[in-house]
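Worksheet for the structure shown next.
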Amino acid sequence: MVHNWWGNSYRGPVTVRKAIQDSMNVIAVKAITVATPELAYKYLTDVGLTTIVDYDVDADGNIISDINQATALGGLTKGVTTYEMTAAYGAIANNGMYVKPVVYSKVVDHEGNVVIDNTTPTTRRVMKETTSWQLIDAMKSVLNGGTGGSARMTTGIKCAGKTGTTSNTYDLWFCGMTPYYTASIWMGFDSNINMGGYNQSLHCRMWRDIMDQIATMEGQDPSVDFERPDGITTVTLCQITGKLPGEGCPTFTDYYAAADVPGQRCPGHKTYTFCRESKCIATSQCPDTITFTVEIDEATGQTRLVSTSGGESADGYAITEETCPLHPEVADEITINSAAGEGGTISASVTCERGSSVTFYITPNEGYAIADVTVNGQSVGKVSSYTFEDVQDNANISAAFVSTGGTTPPTTQAPPTTQAPPTTQAPPTTQAPPEEPTTQAPSEEPTTTQAPSEEVPAT
Ligand SMILES: [Zn+2]
Ligand SMILES: [Zn+2]
């Protein structure tokens with residue numbers, strides 16, 4: 001798990017599978033750096049590459065060696081042959097068992113004496129079965145959404161492989177394998193000439209077409225897959241640290257050799273958004289905020305805050321549960337309490353969304369009249385309804401009533417029929433005067449159409 005630049009943009013941590021799939025150079029260099037160029041050189045010789053140089057001195061006295069990081073990208077002193085590259089990839093395809101390639105399996109002279117006998121292959125284990133299977137599986141991704149998509153076989157035979165393009169596009173490689181065969185394609189000129197102007201997928205398509213023809217000829221079975229060894233397990237890990245996932249970790253799931261599954265758990269990557277002003281946890285009202293992710297400093301083991309927008313200092317910020325006191329959260333729900341004194345009723349208290357409008361109706365009982373209506377402590381008079389428009393704050397409304405005196409039916413006050421909801425509806429529009437009659441219109445136009453024959457001078 002290493003960082004990478006890709007297309008001049010920082011891509012963040014990527015898996016080795018993704019690095020192989022997208023042919024990300026920086027990951028290859030990081031890998032050879034971690035493993036050491038010396039170990040990489042040993043691997044290359046183990047898989048039968050004989051042209052790589054461990055030590056040489058050129059005519060000018062410069063020391064030449066392929067034991068360096070550039071080797072990860074194919075920057076080799078003398079290059080490699082397709083013959084040896086195919087055998088090297090064949091070792092991966094053979095579950096990590098290298099088989100020395102031969103051109104002839106047996107040569108006999110005219111008397112039947114055996115001159116060359118290669119019928120017993122020379123083999124040696126060069127990597128673990130689990131490692132080779134993981135490599136194959138990652139290289140399947142190259143043909144499935146990666147840089148080698150055009151090598152994917154049309155016969156549906158399972159295939160895996162890797163593209164390779166050297167500096168200045170002098171060389172175009174595709175080395176790939178099926179459960180049946182391994183083959184390599186190299187395209188380029190004898191003298192190093194930039195191949196960038198050529199179709200960059202031709203070599204992949206050539207590989208595909210050759211392998212497809214062989215598959216058809218031999219009647220190969222598309223359901224046959226690379227044999228998965230014991231000891232491979234599926235694990236979900238944190239994408240950032242490669243450890244077992246903790247809280248807030250972005251995760252990925254991939255195959256691992258059981259022995260390689262990490263035991264440590266990631267402390268997580270919980271995010272916190274702070275108010276820049278109070279440096280407390282931001283509310284929705286804070287005008288200026290900054291978000292940090294909690295990470296672990298590998299060197300010190302301490303937690304630290306890393307700004308998600310990149311680069312900004314976390315000085316002065318600390319993980320806290322305290323929310324911003326400067327910009328308190330406002331409730332989205334508003335409550336309007338209503339109360340009625342003796343002698344009448346008022347619409348019940350409501351809870352509503354901020355910004356809504358609510359109308360309260362005040363209704364005196366028989367023998368009573370509205371004495372006063374108070375909204376938030378202020379009198380609004382003897383109204384029989386009151387509307388709160390665009391409410392932003394909690395409010396209250398209360399109504400007081402007054403007896404109209406004994407049993408005498410009320411006369412002057414508002415008639416008791418005001419219990420019926422007041423007519424807040426828009427006035428009926430049916431009485432709206434009819435539109436301008438359009439019957440006057442039709443008369444004009446015909447005249448012009450009837451003007452048939454203008455004098456056309458004969459010619
Ligand atoms: Zn994590
Ligand atoms: Zn704030």
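Values in this text are rule-based calculations from the coordinates and carry no lab data. Just so we're clear, the structure is a prediction, and the values are computed from it rather than from any experiment. Positions of Cβ are backbone-derived with ideal geometry, glycine not excepted, and every protein chain shown enters the neighbour counts.
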Legend entry - region 270-330 - Rg (one decimal) and Dmax (whole number), Cα, Å: 12.0, 42
Inset, instruction - Based on other C-beta atoms within 10 Å, arrange ASP60, ASP209 from fewest to most. - result: ASP60, ASP209
Inset, instruction - Give, as a single signed number, the net charge of other residues whose beta carbon lies under 15 Å from the beta carbon of THR359, with Lys and Arg counted +1 and Asp and Glu -1. - result: -2
Legend entry - Cβ-defined net charge surrounding ILE281, 11 Å radius [Lys, Arg +1; Asp, Glu -1]: -2
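With Cβ to Cβ distances under 13 Å as the rule, what net charge do the other residues near TRP173 carry (K, R +1; D, E -1)?
-1
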Legend entry - Shape metrics for region 25-151, restricted to C-alpha atoms - Rg then Dmax, Å: 17.9, 58
Legend entry - Cα centroid separation - region 84-115 against region 338-373, whole Å: 99 Å
Inset, instruction - Could you tell me the convex hull volume per residue, in Å³, taken over the Cα atoms of region 97-247? - result: 200 Å³
Legend entry - Spatial extent of region 333-414: Rg and Dmax, with the Cα atoms as the point set, Å: 13.6, 45
Inset, instruction - Return the subset of LYS106/LYS162; LYS30/LYS270; LYS30/LYS128; LYS128/LYS158; LYS42/LYS158; LYS106/LYS128 for which the Cα-Cα distance in this structure is over 24 Å, preserving the input order. - result: LYS106/LYS162; LYS30/LYS270; LYS42/LYS158; LYS106/LYS128
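Please report Rg over Rh for region 5-218, where both radii come from the alpha carbon positions and Rh follows the Kirkwood definition.
Numbers: Rg = 18.5 Å, Rh = 18.7 Å.
Result for region 5-218 is an Rg/Rh of 0.99.
Quick one: order LYS382, LYS42, LYS162, LYS106 by neighbouring beta-carbon count within 10 Å, fewest to most. It would help to have the intermediate numbers written out before the result.
Working: LYS382 18, LYS42 15, LYS162 24, LYS106 11.
With the fewest neighbours first, LYS382, LYS42, LYS162, LYS106 line up as LYS106, LYS42, LYS382, LYS162.
Just rank HIS327, HIS203, fewest to most, by other beta-carbon atoms within 10 angstrom.
Working: HIS327 19, HIS203 26.
Ordered by Cβ neighbours within 10 Å, fewest first: HIS327, HIS203.
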Legend entry - Loop chymotrypsin sites (Phe, Trp or Tyr not before Pro), region 166-272, which have at most 10 other Cβ atoms in a 10 Å radius of their Cβ (DSSP): PHE189
